[in-house]
1. Of Ile331, Ile262, which residue is aliphatic (A, V, I, L, M), at pLDDT 95 or above and assigned to a strand (DSSP E or B)?
2. Any residue in region 88-107 that's closer than 20 Å to Asn461 by Cα: show its pairings with residues that are outside any helix (DSSP H, G or I) and of a type in the set (Lys, Arg) at Cβ separation under 8 Å, as long as the two are six or more apart or on different chains.
3. State the number of residues belonging to region 313-328 that are under 30 Å from Asp504 (Cβ atoms), assigned to a loop (DSSP other than H, G, I, E, B) and open to solvent by 30 Å² or more (accessible area, probe 1.4 Å).
4. Suppose we filter Thr337, Thr308 for residues that are at pLDDT 95 or above and either within 25 Å of Asn394 (Cβ to Cβ) or within 17 Å of the chain's Cα centre (by Cα) (or both); which single one remains?
5. With the requirement that a residue be touching a Ser or Thr at 6+ places or on another chain (Cβ under 9 Å), away from ligand 2 (no atom under 16 Å from the Cβ) and on the phi > 0 side of the Ramachandran plot, what does region 313-344 give you?
6. List pairs: first in region 24-49 and open to solvent by 70 Å² or more (accessible area, probe 1.4 Å), second among the β-branched types (Val, Ile, Thr), Cβ under 9 Å, 6+ apart or cross-chain?
7. Confirm whether Pro347 is in a loop (DSSP other than H, G, I, E, B), under 28 Å from Cys253 (Cβ atoms), touching a helix residue (DSSP H, G or I) at 6+ places or on another chain (Cβ under 8 Å) and open to solvent by 50 Å² or more (accessible area, probe 1.4 Å).
8. Taking the criterion of being hydrophobic (A, V, I, L, M, F, W, C) and without any contact (Cβ under 8 Å) to a residue 40 or more places away in the chain, would at least one residue in region 132-149 satisfy it?
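The values are calculated or read from the model by the stated rules, or taken from the named source; none is laboratory data. Predicted, not measured: the structure shown is a model, and the values here were computed from it. Every residue, glycine among them, receives a Cβ derived from its backbone with ideal geometry; neighbour counts consider all protein chains shown. Heavy atoms of the whole protein, side chains included, go into the accessibility calculation; ligands, DNA and RNA do not. Shrake-Rupley method; radii C 1.70, N 1.55, O 1.52, S 1.80 Å.
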Amino acid sequence: MSLTKNPNVLKWVDEMVALTKPDKVVWIDGSEEQLNELRKEAIATGEMIELNQEKLPGCLYHRTQPNDVARVEDRTFICTKKKEDAGPTNNWMDPQEMYAKLTPMYDGVMKGRTMYVIPYSMGPIGSPLAKVGVEVTDSIYVVLNMDIMTRMGVKAFENLGDTSDDFVRCLHSKADVDPEGRYIVQFPEDNAIWSINSAYGGNVLLGKKCFALRIASFQGKNEGWMAEHMLILGVKKPNGEVKYITAAFPSACGKTNLAMLIPPEGYKKDGYEVFTVGDDIAWMKQGDDGRLYAINPENGFFGVAPGTNEKSNYNALATTRKNTIFTNVAINNDDMTVWWEKLDKNPPVNATEWKGAKVNGVEYTAEGNNLAHPNSRFTAPAINCPCISPEFDNPQGVPISAIIFGGRRASTTPLVYQSFDWTHGTYIGSAVSSETTAAATGAVGVLRHDPMAMKPFIGYNVGDYWAHWLEMGEKLGENAPKIFNVNWFKQDENGNFMWPGFGDNMRVLDWIIKRCEGTVDAVETPIGFLPKAEDINLNGIEDEVTPEILDKLLAVDKDLWKKEIAEMRRYYNEDISAKGGRVPEALMEELNKIESKLN
Ligand code: GTP
Ligand code: SPV
Ligand code: MN
């Protein structure tokens, strides 16, 4: 029974049924009754494993194929009619060619299977910023994850209405989970996404990276708003005022952690609190008052499990204690709970590692093996989060005071600095580079350019994307958020992180807020405004962050920065312009200005 009269939806679903030929079609209404049936079925077939329902009520476990544990950037395509519209940061193929290539792969792929039709909204139902998608899939795992990550079910169709054609058409089949046949394909001009041969996270939860970043960034460019790989948090000050900040860090570089941070004791005593609006994606649009407003289009968190513990991220851990799906973590067979690296110091003896082998976890980890995959994840409802913002569901979003860029940089980049203005801030965003992580397949720890932490997610030409940032700055004018850069990952000579990070990042947020309010001075350097050492509050961590260490954290090493600028020039010229990337003149000028100041 279909859940809508919308002829555009019905026609498209009919086409997808004709193509994939499922035995059965089930429309997902979002009711608990229907979801419970699906959970039971997935447990019965072994697709999901039921965890300890007393300790982890409503929690399920899922294991993916060892070859299917992360996003696959080399198999991700932006298919626009003109190649230059995809630009140099994307794989491209002509849409007709791609449809011709994929259609035979989808032909009859759901024979013997059920097709689930999932209506969903990215953004609160009724929000002027929200958008609707419909995903068809042959995976119950996808249905159950989409239930947590989006506003899923019949209410999404109410938002779409009976005639609108403005919904993203998302086709997914796990097919044979064959890595050679794996494709994650966006057709921005058709509002369509085709994903095949994966059953993992960002490859298959098509509302997330595929829609809310790749397709949405394209829509935002055309409609005058922004879709960014950013967390959104609110800092409540002792006077009760809340300042909202977004931050763009590449995958597995600390968004979830920053979004849920618990301020250090001294700040708590003074009355500071941090609230989470989002941990991965922000959609931002200028409001009627001229300011930039952000919503989190998601409804849950698909977070990195390893490293999450009581101390590093209490709120994230608490969020996962019920109604959560765990993917590729380890199981403690004694009590059917979950474990991952750095959860605690006691790996379960009677463990099942992420690939499914029963092992002695103590011996296994002592030999240097990971019980959980480094990119193992939890899918947890936002409402579980102890520090979820009261504005989480606000259809208008929250007004943004500051935008932060960052990444993993062992050297060069100081703990924090502020841009001179929006244009310079856009330059800083374009210059983000970061050491790669396990969130995508490929080598880990390799420094690469990741402009605005959006390299894998910009759905069009990166040069036009930068131009769009500059246009937004012009529109916002005086109301534009201030732009900053942070680096929690600077290392000493021995390769140890010099900054304690996590909750102590509040000390940096404090400086950022004061800069926005104009209540703290700064040191002008060629790369931007840096804090005066005495303006970073180190109360309680003086032993860990000595004046010498703080000096190193705030250092701007001219030689390293000359190299950094030379690399940026090479990047703009060789990787972008020479490959059809149209670098805006204003960004070239920023580069020239910094270079001449350094000389
Ligand atoms: P995606 O979901 O992939 O987009 O990642 P994310 O940016 O939300 O990353 P997340 O917050 O999950 O952090 C990933 C890893 O970085 C975890 O292993 C964290 O423990 C580590 N991390 C986060 N914040 C800090 C920090 O302030 N300092 C240090 N040293 N590590 C951190
Ligand atoms: C990321 O890789 O940035 C993620 C996880 O947030 S995934 O949804 O798999 O892309
Ligand atoms: Mn992400």
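1. Values: Ile262 fails: assigned to a strand (DSSP E or B).
Matching residue, one of Ile331, Ile262: Ile331.
2. Thr89/Lys455; Asp94/Lys81; Pro95/Lys81
3. Taking region 313-328 and keeping what is under 30 Å from Asp504 (Cβ atoms), we get 313-322, 324, 326-328.
Add one more test, that the residue is assigned to a loop (DSSP other than H, G, I, E, B), and what stays is 313, 320-322, 324, 328.
Pick out the ones that are also open to solvent by 30 Å² or more (accessible area, probe 1.4 Å) and you get 321-322.
Within region 313-328, residues that are under 30 Å from Asp504 (Cβ atoms), assigned to a loop (DSSP other than H, G, I, E, B) and open to solvent by 30 Å² or more (accessible area, probe 1.4 Å) number 2.
4. Details: Thr337 fails: either within 25 Å of Asn394 (Cβ to Cβ) or within 17 Å of the chain's Cα centre (by Cα) (or both).
One residue alone meets the criteria, Thr308.
5. Hit for region 313-344 is Lys342, nothing else.
6. Within 9 Å, the pairs are Lys24/Thr114; Glu41/Ile140; Thr45/Ile140.
7. Working: in a loop (DSSP other than H, G, I, E, B): yes; under 28 Å from Cys253 (Cβ atoms): yes; touching a helix residue (DSSP H, G or I) at 6+ places or on another chain (Cβ under 8 Å): yes; open to solvent by 50 Å² or more (accessible area, probe 1.4 Å): no.
In short, no.
8. Taking region 132-149 and keeping what is hydrophobic (A, V, I, L, M, F, W, C), we get 132, 134, 136, 140, 142-144, 146, 148-149.
If we keep only those that are without any contact (Cβ under 8 Å) to a residue 40 or more places away in the chain too, we end up with 132.
Yes, that holds for at least one residue.
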